[in-house]
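*Asks:* Sharing a structure here in structure tokens format.
The values are calculated or read from the model by the stated rules, or taken from the named source; none is laboratory data. Source: prediction; values computed, not measured. Counting neighbours? That spans all protein chains shown, and the Cβs are built from the backbone with ideal geometry, glycine included. Please note that ligands, DNA and RNA were not included when accessible areas were found on the heavy atoms of the full protein model with its side chains. Shrake-Rupley method; radii C 1.70, N 1.55, O 1.52, S 1.80 Å.
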Amino acid sequence: MSENQWNQQARKVLKGAQQSNVFFNTQAFTEVKFSIKIPLEYANLVDVNNPNDPLLRQVMPQVSNDKSDYSLSPLQDEDNSPVDGLIHKYPNRVLLIASQVCAIHCQYCFRQNFDYTQHDALSNWPEIERYISEHQEINEVILSGGDPLSLSDGKLEKLIKKLENFQHVRSLRIHSRSIVVMPSRMTTKLVEILAKTRLKVVLVTHINHANEISDEFSKNIANIANATLLNQSVLLKGVNDDLNSLKALSLKLFEVGILPYYLHMLDKVEGAQNYFVSDDKAVQLHQQLQSQLSGYLVPKLVRDSGLSSKTWLL
Ligand code: SF4
């Protein structure tokens, strides 16, 4: 797949409630603060005859009046940002906000209110370069966003080359949902960039349901040969909060060469109330999963706890 073909696909997107209602033959989409954005490559995987389709539910705003303990920024990422565009929570690694853009808008996203204009790693590079140089304990850089793979191949390559200049940085982790919801993103050039960097690459996909794993994605991910492939999911009511869905997801991930890594509890961002799954139910599901799958197919059940870290629920 060329970058040109990807760019063409990237323009094929449903935007807003009206286009989405027409495409999915429903009236259920409404305009909300976090705008609706659905790539056609993802939309085409939805069963339009199923109003409860698990893929549809992730992109359809779920209106709720319960504001109790939900906030605009549940993880307070901004408080862990010593330099704009960089988040430093754990001693050995930093996360860079490499892009403000996502191929899709997931309505449960905890960063949906994040101030991306202030936190853009590329436009604040001199400060970031100074910070990483001064912190020799950093051996891993995580590219996040938005979605770092919404950067062009050229920009991504330049950024990776800059990171290679830090001799103390050994690993590059890339968090991406784009390559799943828009498999055309896995261009030949991207595969080449990841293959030739001196950094050890860990590619963490964000897949919540087995139905998201299309034939094209399966074919393309097989081309990424020298990276460790892991997946993180969010436990979402009506999407994957049942044993069969979680089991099918782990098995399908393994089939395409990805190991289930994290199953995240929902971060309580305003607008995501109707995706909430209780701790009791999550723990019960996780125990059932453990009894039915080999250990390496069971993701860790975790909750991000803002300032410090992740909490293991099990
Ligand atoms: S792709 Fe990731 S960052 Fe973007 S909206 Fe979805 S969950 Fe949020």
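*Asks:* Considering each residue of the stretch 28-59, count those that are surrounded by 21 or more Cβ atoms within 10 Å (Cβ to Cβ) and either more than 16 Å from the ligand (Cβ to nearest atom) or in a loop (DSSP other than H, G, I, E, B) (or both), and give that number.
*Replies:* Residues that pass the stated criteria total 2.
*Asks:* Could you go through the stretch 76-89 and let me know if any residue there is of a type in the set (Asp, Glu), at pLDDT 95 or above and part of a loop (DSSP other than H, G, I, E, B). Lay out the reasoning, then the answer.
*Replies:* Filtering the stretch 76-89 down to residues of a type in the set (Asp, Glu) leaves 77-79, 84.
Keeping just the survivors that are at pLDDT 95 or above gives none.
No, there is no match, as no residue in the stretch 76-89 is of a type in the set (Asp, Glu), at pLDDT 95 or above and part of a loop (DSSP other than H, G, I, E, B).
*Asks:* How many residues does the stretch 186-212 contain that are within 12 Å of the ligand (Cβ to nearest atom) and either basic (Lys, Arg) or without any contact (Cβ under 8 Å) to a residue 60 or more places away in the chain (or both)?
*Replies:* 4
*Asks:* For the stretch 257-264, indicate whether the set of residues that are of a type in the set (Phe, Trp, Tyr), part of a helix (DSSP H, G or I) and either in contact (Cβ under 8 Å) with a residue 60 or more places away in the chain or open to solvent by 50 Å² or more (accessible area, probe 1.4 Å) (or both) is non-empty.
*Replies:* No; the residues of the stretch 257-264 include none that is of a type in the set (Phe, Trp, Tyr), part of a helix (DSSP H, G or I) and either in contact (Cβ under 8 Å) with a residue 60 or more places away in the chain or open to solvent by 50 Å² or more (accessible area, probe 1.4 Å) (or both).
*Asks:* Another question about this same structure. Quick check on the stretch 103-115: of everything there that is surrounded by 18 or more Cβ atoms within 10 Å (Cβ to Cβ) and more than 8 Å from the ligand (Cβ to nearest atom), which residue is farthest from GLU137 (Cα to Cα)?
*Replies:* Residue satisfying both the conditions and the ranking: GLN107.
*Asks:* Right, another one. Regarding the stretch 61-70, can at least one residue be identified that is loosely packed, with under 12 Cβ neighbours inside 10 Å and in contact with an Asp or Glu (Cβ under 9 Å, 6 or more places away or on another chain)?
*Replies:* yes
*Asks:* Among the candidates GLN100, GLN167, GLN118, single out the residue that is away from the ligand (no atom under 16 Å from the Cβ), open to solvent by 10 Å² or more (accessible area, probe 1.4 Å), under 30 Å from ALA222 (Cα atoms) and part of a loop (DSSP other than H, G, I, E, B).
*Replies:* Answer to the check: GLN167.
*Asks:* A further question follows. Scan the stretch 121-147 for residues that are within 16 Å of the ligand (Cβ to nearest atom) and either assigned to a loop (DSSP other than H, G, I, E, B) or surrounded by fewer than 17 Cβ atoms within 10 Å (Cβ to Cβ) (or both) and jot them down.
*Replies:* Just the residues of the stretch 121-147 that are within 16 Å of the ligand (Cβ to nearest atom), to begin with: 121, 142-147.
Scanning the stretch 121-147 gives ALA121, GLY145, GLY146, ASP147.
*Asks:* So which residues in the stretch 9-27 are out of contact with any strand residue (DSSP E or B) (no Cβ under 6 Å at 6 or more places or on another chain) and part of a helix (DSSP H, G or I)?
*Replies:* GLN9, ALA10, GLY16, ALA17, GLN18, GLN19, ASN21, VAL22, PHE24
*Asks:* Which condition does LYS300 not pass, out of (1) touching a strand residue (DSSP E or B) at 6+ places or on another chain (Cβ under 8 Å); (2) open to solvent by 20 Å² or more (accessible area, probe 1.4 Å); (3) at pLDDT below 95; (4) closer than 23 Å to LEU172 by Cα, if it passes all the others?
*Replies:* The failed condition is (3).
*Asks:* A follow-up question, please. Return yes when GLY238 is in contact with a Lys or Arg (Cβ under 7 Å, 6 or more places away or on another chain), open to solvent by 10 Å² or more (accessible area, probe 1.4 Å) and at pLDDT 95 or above and no when it is not.
*Replies:* yes
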